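Working notes, beginning with the structure itself.
No value in this document is a laboratory result; all are computed from the given coordinates. These numbers come from a predicted model, not from an experiment. Ideal geometry is used to build each Cβ from the backbone, glycine not excepted, and the neighbour counts take in all protein chains shown.
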Amino acid sequence: MKKTTKIDPQITDLQDKLNRSLADYANFQKRVEREKEAFASLTLVSIILRFLEVLDDYQLVATHLKDKGLTMANKKFMTTLQNYGLTEIKAEGQKFDPSIMECQVVVEGEDDKVMIVTKTGYMFNGQCLRPATVAVGKKDFNKTTN
């Protein structure tokens, strides 16, 4: 009987060590999974930023050529990017928001209202990927500058 009571603390200690090791391993697996997801997200953001340059060129050409095929290709390209979480910042006519917009110039117009979008901004999964470059209105702008 004495032998059994001596083994019990050892069994308890080993069981405790095993449980801790299993918990450590589970936490390690979760951390690795989070890191993989973060890396994949960063890679996707990097690729989308490069595609935005191409999208800007597409949109610039589309405004000058008015070609139906080019417009369709542009729309398909944008839809593909939207499927990955990209959304366009709708800035024109909105109140200026410095967290997602960058004021390039102040023009005559309603105070703090976006009058012109000079470069489209984009959000990616709820975060500003590229701020919209805009012209912001100011009442009596010509009177204050003269």
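Points to keep in mind about this one:
- Under conditions of 10 °C and 1.306 mPa s, segment 1-84 yields 88 µm² s⁻¹ as its translational diffusion coefficient, taking Rh as the Kirkwood radius over Cα pairs in the Stokes-Einstein equation.
- Measuring r between the beta carbons of GLN59 and PHE28 and using R0 = 41 Å, the FRET efficiency lands at 0.35.
- Semi-axis lengths (Å, descending) of the ellipsoid that matches the C-alpha gyration tensor of the chain: 58, 23, 9
- Percent RCO, i.e. relative contact order, over the chain, from Cα pairs under 8 Å lying at least 6 residues apart: 17 percent
- Gained length - SER46 relative to LYS95, 0.36 nm times residue gap less alpha-carbon distance: 14.7 nm
- Extent along principal axes [Cα atoms of segment 86-146; Å; largest to smallest]: 43, 15, 15
- FRET efficiency for LYS113 and GLU37, using Cβ-Cβ distance with R0 set to 41 Å, rounded to 0.05: 0.55
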